[in-house]
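Taking it in order: structure first as C-alpha cells, then the write-up.
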Amino acid sequence: MFVEGKSILVSGASRGIGRAFVEVLLERGARRVFATARSAEDTEQLAAVDVRVRPIRLDVTDRASISAAIVQVEGLDLLINNAGSLVGYSLLESSRDAIEADFAVNFWGALDLTKACLPRLEASKGAVLNMLTLVSMASMAAIGGYSASKAAAWSMTQALRKELGDRGVTVFAAYPGAVDTDMIRSFEMDKTPPRVVAKNAIDAVEAGTVDSFPDPMAKQAGAAWLNNPRDLEAMFANM
C-alpha cells in the first residue's frame, strides 16, 4: 500500500513518533493527514504544519471523543494507532489505576478507534498500522504494567488480522525498541530518532511487510525473538 494520494489518520500526532509520522506522510505525498491530539494547543500547532493536515481533537480513552472525531474524517485509507501511555511501571509497585491507564490507551483506545474507523477502512479496502513495541513480545520488569498493556495490544493485532482481513482491511504492526521521545526521556540508553522509526514503519507498509522492526535495537531483539522467544525474555530480564 503506497501512501501517495491517500487519506491517513494518525493518533497521538502532536509529538514524538506521531509527529514524525505526519512529516513522513506529507513527504510521501499523502493527500490528507488527519492528525489527532488531546489538547487545543496541540491541534493549533498541527494546523500550521501543512494545508494537507487536518488537526482533530481526540482522546482515545473517551468513546464520545472518538465518535466526535470520526465524523470529521471524510474518507480513510490508513489508520495509524500511535497514541500511547506509559504510566504503569513495576507491577508490584504501580497502582491498579496506573496500569489501567496504560490499558485504556494502549489496548482499549486502539481497539475502539479501529472499530470506529472500520466502515471507512472497509470502503477503501484500507489498512491499520498498530505501533506496538518490543516489550509486547517480552516484558521488562521495570515497566511491567506498560509491557502487559502492549502485550494485550499485540494479541489484539493478531486477532484483528483475521477479522479485518476477512473484510478486506490489512493489519500491520511495528515493534520499535527505545525511541528518543518524551515517554522514555529519563531512561539512560541508546535511542533511535522518531523520524527513523516512522520512516521505516511506513517503508514496511508500502512494501507489504506486516510485521516490522524499525530500528537497530528492534532488529537485534526481533531476531532473538524469532530464534527463540526465551532469548528475548532473558535479554530484557537484565535491562
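Is it the case that V128 is of a type in the set (V, I, T), modelled with pLDDT of 90 or more, buried (at least 22 other Cβ atoms within 10 Å of the Cβ) and under 24 Å from L78 (Cβ atoms)? Spelling it out, V128 is indeed of a type in the set (V, I, T), modelled with pLDDT of 90 or more, buried (at least 22 other Cβ atoms within 10 Å of the Cβ) and under 24 Å from L78 (Cβ atoms). How about the range 53-73: which of its residues are surrounded by 15 or more Cβ atoms within 10 Å (Cβ to Cβ) and either of a type in the set (S, T, N, Q) or more than 27 Å from F103 (Cβ to Cβ) (or both)? Passing the criteria: V53, R54, T61, S65.
Assessment of the range 91-111 against the conditions (under 13 Å from the mean Cα position of the chain (by Cα) and hydroxyl-bearing (S, T, Y)) yields no matching residue.
When residues in the range 158-181 are screened for being outside any loop (DSSP other than H, G, I, E, B) and under 16 Å from F21 (Cα atoms), 4 of them pass. A single entry from V135, V128, V49 fulfils the requirement of being assigned to a loop (DSSP other than H, G, I, E, B) and either of a type outside the set (G, A, S) or free of Cβ contacts under 8 Å to residues at least 12 places away in the same chain (or both): V49. The residue that is surrounded by the most Cβ atoms within 10 Å (Cβ to Cβ), counting only those in the range 3-25 that are in contact with a helix residue (DSSP H, G or I) (Cβ under 7 Å, 6 or more places away or on another chain) and hydroxyl-bearing (S, T, Y), is S11. The residue that is modelled with the lowest pLDDT, among those in the range 1-29 that are under 22 Å from P193 (Cα atoms), of a type in the set (A, V, I, L, M, F, W, C) and in contact with a Ser or Thr (Cβ under 8 Å, 6 or more places away or on another chain), is I17. Among the residues of the range 24-46, those identified as part of a helix (DSSP H, G or I) and farther than 15 Å from V179 by Cβ are L25, L26, E27, A40, E41, D42, T43, E44, Q45, L46. Run L164 past the list (1) modelled with pLDDT under 95; (2) crowded, with 18+ Cβ neighbours inside 10 Å and report the number of the one that doesn't hold. It is condition (1) that L164 fails. Looking only at the range 31-43, decide whether some residue is closer than 17 Å to S7 by Cβ, in contact (Cβ under 8 Å) with a residue 40 or more places away in the chain and not charged (D, E, K, R). Yes, because at least one residue in the range 31-43 is closer than 17 Å to S7 by Cβ, in contact (Cβ under 8 Å) with a residue 40 or more places away in the chain and not charged (D, E, K, R).
Yes/no per residue for (1) of a type in the set (S, T, Y); (2) crowded, with 19+ Cβ neighbours inside 10 Å; (3) out of contact with any Pro (no Cβ under 8 Å at 6 or more places or on another chain):
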position: E93; (1), (2), (3): no, no, yes
position: D97; (1), (2), (3): no, no, yes
position: L113; (1), (2), (3): no, yes, yes
position: V179; (1), (2), (3): no, yes, no
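The values are calculated or read from the model by the stated rules, or taken from the named source; none is laboratory data. Being a predicted model, the structure only gives us computed values, none of them experimental. Counting neighbours? That spans all protein chains shown, and the Cβs are built from the backbone with ideal geometry, glycine included.
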